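The values are calculated or read from the model by the stated rules, or taken from the named source; none is laboratory data. In this text, all values refer to a predicted model and were calculated from it rather than measured experimentally. When we count neighbours, we look across all protein chains shown, and the Cβ atoms used for this are built from the backbone with ideal geometry, even at glycine.
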Amino acid sequence: MFPPSNRRNFFVSLAVAGALGSVLTASALRAASGPKDTYEELETFASILAIVQRHYVDQVSSHDLVEGAVKGMVSSLDPHSSYLTPEGYKELQIETHGEFGGLGIELTVRDNLLTIVTPIDGTPAWRAGIKPGDQIIKIGDDLTMDMPLQTAVDRMRGKPGSKVKLSLKRKGVSDLVDVELTREVIHIKSVRGARLVDDRWAYVRLTGFQDGSGDELAKSLDKLDKQKKGGVDGIILDLRYNPGGLLTQAVAIADLFLDAGLIVRVNGRMESQTTSYFAKADGTRRMVPMVVMVNEGSASASEIVAGAMQDHRRALIVGAKSFGKGSVQTILPLGDDTALRLTTARYYTPSGRSIHEHGIDPNVVVEQARPDPDAKDEVLPTRDDFDLKTDAQLRKAVELMGTWKGDVVKIGGVAGFDVPEDQKAVASTAGLSEHAAEKKPDDKTEHAH
């Protein structure tokens with residue numbers, strides 16, 4: 001499973017030889033540097049490994065036993081950490097480049113239950129009416145209680161054209177909701193629905209943060225600027241149902257609208273896992289009023305962008321409280337086509353707010369109409385739909401754009417909006433801590449996620 005050069009670094013120089021599986025002695029384990037307790041525990045593991053190989057009813061290879069132990073060790077840390085087999089690592093690489101096979105669901109674990117962050121627009125999950133907050137109770141005939149997150153993802157992926165049934169627990173619905181979905185190759189287009197609203201304002205939906213999302217967004221806004229003489233009067237950036245993606249793209253997109261100051265701080269246990277990402281003046285777009293839309297399906301990178309824009313008072317945040325996934329998963333290749341996906345840090349907004357399990361509270365809260373509990377098969381509208389009549393959050397965003405007065409450069413990004421007092425939620429939030437307004441040092445190196 002691991003090449004010789006990686007075995008010591010990843011685990012310990014654990015040798016399994018012969019049919020009965022002899023293992024390193026305690027003295028050999030202690031010869032390596034490290035806390036004494038660690039090697040005493042590894043001695044126990046080595047003993048159990050040998051016992052299983054000697055006495056288990058079926059013959060099991062050392063490869064399978066060690067791989068199983070590694071999977072269990074990593075998955076026990078938190079729902080988002082996992083060991084990636086060669087197949088899983090390859091799928092992850094495909095996913096972050098915008099195309100992968102499956103159902104189109106972003107998953108997490110909450111209260112020990114598999115919970116849907118959001119379905120991805122235009123995918124089988126979206127078309128089947130799966131909603132943020134739905135809990136997956138069964139995949140096929142298998143109960144998901146205590147099922148590791150990565151195992152659940154693997155179960156739902158498969159050959160395009162094959163089918164899988166999910167049994168869902170949905171808020172407000174007494175019975176389980178059963179949906180049968182057909183797997184397909186998932187194509188993710190970051191920017192959708194770009195258009196001019198009332199011939200004045202740019203409206204753009206961002207559905208994910210993949211390689212090139214920042215450039216794609218900038219090109220869409222450039223195109224809309226050319227459609228209006230003098231450029232657009234404002235921007236509505238829709239991050240609803242956006243599960244996130246690459247940290248580097250979240251930083252790049254926030255940097256389009258901020259010319260200085262902290263975008264996000266990433267705090268880990270070690271100094272090498274702690275870094276700050278700053279905006280720079282080069283490449284900043286022309287300053288116009290902005291509204292950023294979020295809801296319960298906005299997570300991770302979406303929350304980084306919304307939090308930075310809110311803390312710097314660059315944009316008004318409209319919609320519903322975001323999901324609250326603010327942990328950093330770093331991919332650590334092991335050199336044999338396998339890798340670890342390990343939670344190494346957590347995200348904090350410029351004012352020091354933790355995103356993880358807290359989310360971003362909008363300045364103006366607008367709850368969408370809840371679906372009829374008996375309407376189990378209700379399907380979400382596609383993200384290319386632009387319906388001011390039925391979309392209350394979008395209607396409010398456009399309404400607020402129409403209230404803007406003043407020069408955004410002189411008064412800031414939110415002062416010109418006329419928000420009734422009874423609609424304000426956390427408009428006074430975003431008291432920047434001292435470090436949030438710091439300029440990015442010239443020698444600062446940004447770490448890729």
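Summary table
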{"item": "Checking residue 186 against (1) assigned to a strand (DSSP E or B); (2) at pLDDT below 95; (3) of a type outside the set (Phe, Trp, Tyr); (4) within 30 Å of residue 290 (Cα to Cα), the condition it does not meet", "result": "(4)"}
{"item": "Members of the range 264-301 that are touching a residue at least 24 places away in the same chain (Cβ under 8 Å) and of a type in the set (Gly, Ala, Ser)", "result": "268, 276, 279, 283, 297, 298, 299, 300, 301"}
{"item": "Answer residue from the range 198-225, given it is among the hydrophobic types (A, V, I, L, M, F, W, C) and closer than 24 Å to residue 296 by Cβ and is surrounded by the most Cβ atoms within 10 Å (Cβ to Cβ) among those", "result": "209"}
{"item": "Selected residue [within 30 Å of residue 242 (Cβ to Cβ) and at pLDDT below 75] from 96, 85", "result": "96"}
{"item": "Output for the range 341-360, where each listed residue is over 17 Å from the mean Cα position of the chain (by Cα) and surrounded by fewer than 22 Cβ atoms within 10 Å (Cβ to Cβ)", "result": "351, 352, 353"}
{"item": "Residues located in the range 140-176, provided they are farther than 25 Å from residue 324 by Cα and of a type outside the set (Lys, Arg)", "result": "140, 141, 142, 143, 158, 160, 161, 162, 164, 174, 175, 176"}
{"item": "Only listed residue being free of Cβ contacts under 8 Å to residues at least 60 places away in the same chain, assigned by TED's automatic domain parsing to the domain that holds residue 285 and under 30 Å from residue 283 (Cα atoms), chosen from 208, 230", "result": "230"}
{"item": "Residue within the range 169-177 that is modelled with pLDDT under 95, of a type in the set (A, V, I, L, M, F, W, C) and in contact with a His (Cβ under 8 Å, 6 or more places away or on another chain) present", "result": "no"}
{"item": "Residues that are surrounded by fewer than 24 Cβ atoms within 10 Å (Cβ to Cβ) and either free of Cβ contacts under 8 Å to residues at least 24 places away in the same chain or assigned to a strand (DSSP E or B) (or both), drawn from the range 302-327", "result": "327"}
{"item": "Qualifying positions in the range 336-360 - in a strand (DSSP E or B) and either free of Cβ contacts under 8 Å to residues at least 12 places away in the same chain or over 20 Å from residue 74 (Cα atoms) (or both)", "result": "347, 348, 354"}
{"item": "Residue check, residue 66 outside the structural domain of residue 344 (by TED's automatic domain parsing), over 22 Å from the mean Cα position of the chain (by Cα), closer than 21 Å to residue 327 by Cβ and among the β-branched types (Val, Ile, Thr)", "result": "no"}
{"item": "Hits in the range 291-301 - residues which are more than 13 Å from residue 251 (Cβ to Cβ) and buried (at least 24 other Cβ atoms within 10 Å of the Cβ)", "result": "291, 292, 293, 294, 295, 297, 298, 299"}
